[in-house]
Amino acid sequence: AQSVAQPEDQVNVAEGNPLTVKCTYSVSGNPYLFWYVQYPNRGLQFLLKYITGDNLVKGSYGFEAEFNKSQTSFHLKKPSALVSDSALYFCAVRGLMNTGFQKLVFGTGTRLLVSP
Amino acid sequence: TAGITQAPTSQILAAGRSMTLRCTQDMRHNAMYWYRQDLGLGLRLIHYSNTAGTTGKGEVPDGYSVSRANTDDFPLTLASAVPSQTSVYFCASSDSTSRTGDGYTFGSGTRLTVV
């Protein structure tokens, strides 16, 4: 069965510093990987995805993610954090249900807190 | 703006009462989903629908039912609410036939408290 692990409940970083939010995955076959962000009292918003191609994927709001097949990781990164980046971040992998229907499997989320 | 509309935004419900959470999308996506979000557990799939007229069970379907009479609407019904159904509920949709692996579009959620 497919799964995603986000080992950190919370990541703290000072504004202007680089940030990394970690994600590892387990899936059969080629992985389709996603990052979503959730601001308070809002739904999840798509940030970026990896389907195939370059291991470094660029997404919205200056975020990028590095796909590492050997380490089965898909860490989210940003060179210079902003206070407004403070939010809840979810990693997800596309998997298959027993019916053959595709679904996204989400991690438990990592809260990013950027201090001024 | 295209997207997903959920209603109500929040609700306090007495245990044992029934309630329907509404979800409507205007993107003509074939697939729709209901998730619940709980602290420390992330998002868990309740039910899904691959196309109008068909539905399927997710990870945590007990106590919930859905219907998909048309492409746009995917209501979630709690027949007899229990306190453990206190959660934030998100509806989502996607074009599951996309070969580019498109992700989901989410609604803003319904915060339900069962007392």
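Bear in mind that the values in this text are calculations on the coordinates, not laboratory data. Predicted model only: the values in this text are computed from it and were never measured. Positions of Cβ are generated from backbone atoms using ideal geometry, with glycine treated the same way; all protein chains shown enter the neighbour counts.
Here are a few things to note about the model shown:
- Sparse-neighbour loop sites [trypsin sites (Lys or Arg not before Pro); region A:25-116; at most 12 other C-beta within 10 Å; DSSP]: A:Lys69
- With the convex hull drawn over the C-alpha atoms of the protein assembly as shown, the volume per residue is 124 Å³.
- Measuring r between the beta carbons of A:Glu15 and A:Tyr61 and using R0 = 25 Å, the FRET efficiency lands at 0.95.
- Spatial extent of chain B: Rg and Dmax, with the Cα atoms as the point set, Å: 13.5, 44
- Label-to-label distance, A:Val83 versus A:Ser115, with points set 7 angstrom from Cα along the beta-carbon direction: 1.4 nm.
- Net charge of neighbours whose Cβ lies under 10 Å from the Cβ of B:Ile46, counting Lys and Arg as +1 and Asp and Glu as -1: +1
- Positive-end residue of B:Leu112, B:Ser18, A:Phe74, charge dipole of the protein assembly as shown with Cβ unit charges: B:Ser18
- Percent of Cα-Cα distances greater than 17 Å, calculated over chain A: 52 percent
- Centre-to-centre, using Cα atoms only, region A:1-60 and region B:38-81 are separated by 25 Å.
- Counted charge near A:Asp54, where neighbours are those whose Cβ lies closer than 12 Å (Asp, Glu -1; Lys, Arg +1): -1
- Estimated inter-spin distance, B:Ser84 and A:Gln71, nm [label 7 Å along Cα→Cβ]: 3.9 nm
- Using θ = phi - 60° in the Karplus curve 6.51 cos²θ - 1.76 cosθ + 1.60, the 3J(HN,Hα) couplings for region A:71-79 round to 9, 6, 10, 8, 7, 8, 9, 8, x Hz; x is entered for Gly and Pro.
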